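The values are calculated or read from the model by the stated rules, or taken from the named source; none is laboratory data. From a predicted model like this one, the values you see are computed outputs, not experimental measurements. Quick reminder, even Gly has a Cβ in these numbers, built from the backbone with ideal geometry, and neighbours come from all protein chains shown. Accessible surface areas use protein heavy atoms only, side chains included; no ligands, DNA or RNA. Shrake-Rupley method; radii C 1.70, N 1.55, O 1.52, S 1.80 Å.
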Amino acid sequence: MTDLKVLNFFRVSFRKVKHIDPKACYWTPPNHNELLLCTDSASRGNPGVAGAGVVAWNANSEVVGAMCIGLGITSNFLAELYGILVGLEWATQWGYMKILIHSDSSSVITVLENDSVPWFAQQRWMDIKNFYDSIRFAHTFRE
């Protein structure tokens, strides 16, 4: 009630918030001899100036590396896609042949799993896919 009185005093407009059931979020390390790539991207506008970042974890829960990249002006979808592709190319330096990708973009995960990547990124995806023994995907919730 105190918060409501303060908002009313300063004439701050507000709206009611729906109560959402909380989701349990947890983190588990990748399997033995597997590298986990946690990827995310952002675009200021759609399309807009975009960038992506990747953090690589090993099975001992140690950070192997972290990187970020500017992507110029692109859409949210392409920023997520290029974030994963660049992360997979970057990860080749550590010699892991099994990769687990965590991404909050279910649409990009679906596109990669179904090999329905846009034509201009298809060769890049096929080269990456042929390099690794296995690439698994896991959808993570946006927090």
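Data table
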quantity	calculated
Residues being assigned to a strand (DSSP E or B) and among the aromatic types (F, W, Y) - total across the range 53-79	1
Residue in the range 120-140 that is least open to solvent (accessible area, probe 1.4 Å), counting only those that are touching a residue at least 24 places away in the same chain (Cβ under 8 Å) and among the charged types (D, E, K, R)	R124
Y82 within 18 Å of E34 (Cβ to Cβ) and either among the hydroxyl-bearing types (S, T, Y) or part of a helix (DSSP H, G or I) (or both)	no
Any hit, the range 101-123, residues being in a strand (DSSP E or B) and of a type in the set (A, V, I, L, M, F, W, C)	yes
Residue check, L85 within 24 Å of C25 (Cβ to Cβ), surrounded by 15 or more Cβ atoms within 10 Å (Cβ to Cβ) and under 16 Å from the mean Cα position of the chain (by Cα)	no
Residues located in the range 30-73, provided they are open to solvent by less than 20 Å² (accessible area, probe 1.4 Å) and of a type in the set (V, I, T)	T39, V54
